[in-house]
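The values are calculated or read from the model by the stated rules, or taken from the named source; none is laboratory data. Because the structure is predicted, anything quoted here is derived from the model rather than measured. Backbone-built Cβ (ideal geometry, glycine too); neighbour counts: all protein chains shown. Please note that ligands, DNA and RNA were not included when accessible areas were found on the heavy atoms of the full protein model with its side chains. Shrake-Rupley method; radii C 1.70, N 1.55, O 1.52, S 1.80 Å.
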Amino acid sequence: MYKNKLKASLLALILGATAAQAQNPLDFGSDIKTADPSAHVWEDGKMYLYTSHDEECQEDFWMKNWHVFSSKDLVNWTDHGAVLSVDDLSWADNYAWAPDAAYKNGKYYLVFPAGTGHKDRINPENSTKWMGIGIAVSDSPTGPFKDAIGKPLWREPYANDPALFMDDDGKAYLYFHGTNFDYYVAEMADDMLSIKGDFHKMDMGGYEPKMEGPWVFKRDDKYYFTMPENNRELAYYMSDSPKGPWEYKGVFMEQENESNNHHSIVEYKDEWLLFYHRWLKSPVSSCEKRQRYSTAEYLHFNADGTIQKVERTEQGVADFADRVKAAKASTLAQKAAQKED
């Protein structure tokens, strides 16, 4: 009898859950354009997104600051504002592109690309654009962040799109996109303010397509190197080590409208999530063109650890809170059934 009551309660909870509404793009409380969402869950149990910030109708990715957003349910978000700007840098004045973050030594670290000059898309030989990677620090996950070393981590090679991976042993690895310098990794020094030793060229199993925006994560005992292959579709490799060798596994999200993508993957409350950006038209925009917005989908794995294909949806993760409640109710029901048996 008790088991039946628990099953009925669980069913009522699932059926009575709030109807999911469209939640892509993510609702940050305004029409702010964001891209390159870097997702992290810190000790306070919240989800944090570190994003680049597209200026309204901006010219050629001329971007000036980075934002942080936080949420407990992935539906209601707090915009903590611009936590670092190129105006705070002495060595760059533009190209506030894709950031990432890490926590170590009681501090929060924001790794970010920035640069100078201009890119001449008509006559590339006339381009003066340069980009490097900086490191900023804060006592809070929401900043403000302060440029920690007053210069880029290095000047050669030209680099952007950094991704920081913290392994279980406390070592931090920095992956990035570099001109003629992709598929390299550098270990960060213990103080997170420089790289330790030289760059390490990873073994990618003989397949090294054009890429940007790498993201590395660990699930069980496997490491995943993911990136926008050809800057468009999301693809991945797997390995037993954060430095490879890597085995290519294929594409898990197809490209959309020949537009670039940039993403992050994280586990939150027992759900694996994919954050990425889409190019969409806004009804309140001052220009008639698609612009970038951060979005999210659920990510699922096969029994062998490979990633299942992900489709873009309007709903996204709008039902996240309901799924978490249902999972908890299911766990309680199972425990009660075990006691009854």
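Here's a check for you: in the range 285-300, which residue that is farther than 19 Å from G29 by Cα and more than 18 Å from the chain's Cα centre (by Cα) is least open to solvent (accessible area, probe 1.4 Å)?
The selected residue is C287.
What's the number of the only condition in (1) on the phi < 0 side of the Ramachandran plot; (2) at pLDDT 95 or above that K269 fails to meet?
Failing condition for K269: (1).
So, in the range 74-90, of the ones that are in a loop (DSSP other than H, G, I, E, B) and closer than 21 Å to K46 by Cα, which residue ends up least open to solvent (accessible area, probe 1.4 Å)? Before you say what the answer is, go through the steps one by one.
Going through the range 74-90, the residues in a loop (DSSP other than H, G, I, E, B) turn out to be 74-76, 89-90.
When the remaining residues are screened for being closer than 21 Å to K46 by Cα, the result is 74-76.
Numbers: L74: 1, V75: 39, N76: 104 Å².
Among those that are in a loop (DSSP other than H, G, I, E, B) and closer than 21 Å to K46 by Cα, it is L74.
Please give the number of the condition W97 fails out of (1) outside any loop (DSSP other than H, G, I, E, B); (2) under 25 Å from Y175 (Cβ atoms); (3) touching a residue at least 40 places away in the same chain (Cβ under 8 Å).
Result: W97 passes all but (1).
Tell me the residue from A326, A303 that is part of a loop (DSSP other than H, G, I, E, B) and hydrophobic (A, V, I, L, M, F, W, C), please. It would help to see each step written out before you state the result.
Values: A326 fails: part of a loop (DSSP other than H, G, I, E, B).
Every option except A303 fails the conditions.
Please specify each residue of the range 57-76 satisfying the condition of being over 17 Å from the mean Cα position of the chain (by Cα) and of a type in the set (S, T, N, Q).
Q58, N76
Collect the residues in the range 206-218 that are closer than 30 Å to N257 by Cβ and either open to solvent by 20 Å² or more (accessible area, probe 1.4 Å) or within 14 Å of the chain's Cα centre (by Cα) (or both), keeping them in residue-number order. I'd like the intermediate steps shown before the answer.
Within the range 206-218, the first condition is being closer than 30 Å to N257 by Cβ, and the residues that meet it are 207-217.
Hits for the range 206-218 are Y207, E208, K210, E212, G213, P214, W215, V216, F217.
Across the range 254-280, what is the number of residues that are free of Cβ contacts under 8 Å to residues at least 60 places away in the same chain, open to solvent by less than 30 Å² (accessible area, probe 1.4 Å), under 27 Å from W42 (Cα atoms) and outside any loop (DSSP other than H, G, I, E, B)?
1
Confirm whether E267 is within 17 Å of the chain's Cα centre (by Cα) and of a type in the set (D, E).
On the way: within 17 Å of the chain's Cα centre (by Cα): yes; of a type in the set (D, E): yes.
When the stated conditions are applied, E267 passes them.
Being among the small types (G, A, S) and surrounded by fewer than 19 Cβ atoms within 10 Å (Cβ to Cβ) is the filter; apply it to the range 107-147 and report the residue that is farthest from W91 (Cα to Cα).
To start, the set of residues in the range 107-147 that are among the small types (G, A, S) comprises 114-115, 117, 127, 132, 134, 136, 138, 140, 143.
Going one step further and asking which of them are surrounded by fewer than 19 Cβ atoms within 10 Å (Cβ to Cβ), we end up with 117, 127, 140.
Working: G117: 11, S127: 18, S140: 24 Å.
So, considering only residues that are among the small types (G, A, S) and surrounded by fewer than 19 Cβ atoms within 10 Å (Cβ to Cβ), the one farthest from W91 (Cα to Cα) is S140.
Among the listed residues E340, E288, E297, which satisfies the condition of being without any contact (Cβ under 8 Å) to a residue 12 or more places away in the chain and acidic (D, E)?
Working: E340 fails: without any contact (Cβ under 8 Å) to a residue 12 or more places away in the chain; E297 fails: without any contact (Cβ under 8 Å) to a residue 12 or more places away in the chain.
Going through E340, E288, E297 in turn, the sole match is E288.
Could you grab me the full set of residues in the range 221-232 that are out of contact with any Lys or Arg (no Cβ under 7 Å at 6 or more places or on another chain) and more than 14 Å from Q308 (Cα to Cα)?
Answer for the range 221-232, where residues must be out of contact with any Lys or Arg (no Cβ under 7 Å at 6 or more places or on another chain) and more than 14 Å from Q308 (Cα to Cα): D221, K222, Y223, F225, M227, P228, E229, R232.
When only residues in the range 21-73 that are modelled with pLDDT under 95 and open to solvent by less than 30 Å² (accessible area, probe 1.4 Å) count, which is farthest from G106 (Cα to Cα)?
Q58
If the requirement is being part of a strand (DSSP E or B) and not β-branched (V, I, T), which of these qualifies: G132, G143? Can you show your working first?
Working: G143 fails: part of a strand (DSSP E or B).
The match here is G132.
Would you mention how many residues in the range 179-196 are in a loop (DSSP other than H, G, I, E, B) and touching a Gly at 6+ places or on another chain (Cβ under 7 Å)?
Let us first name the residues in the range 179-196 that are in a loop (DSSP other than H, G, I, E, B), namely 179-183, 189-194.
Of the ones still in play, those that are also touching a Gly at 6+ places or on another chain (Cβ under 7 Å) are none.
Result for the range 179-196: 0.
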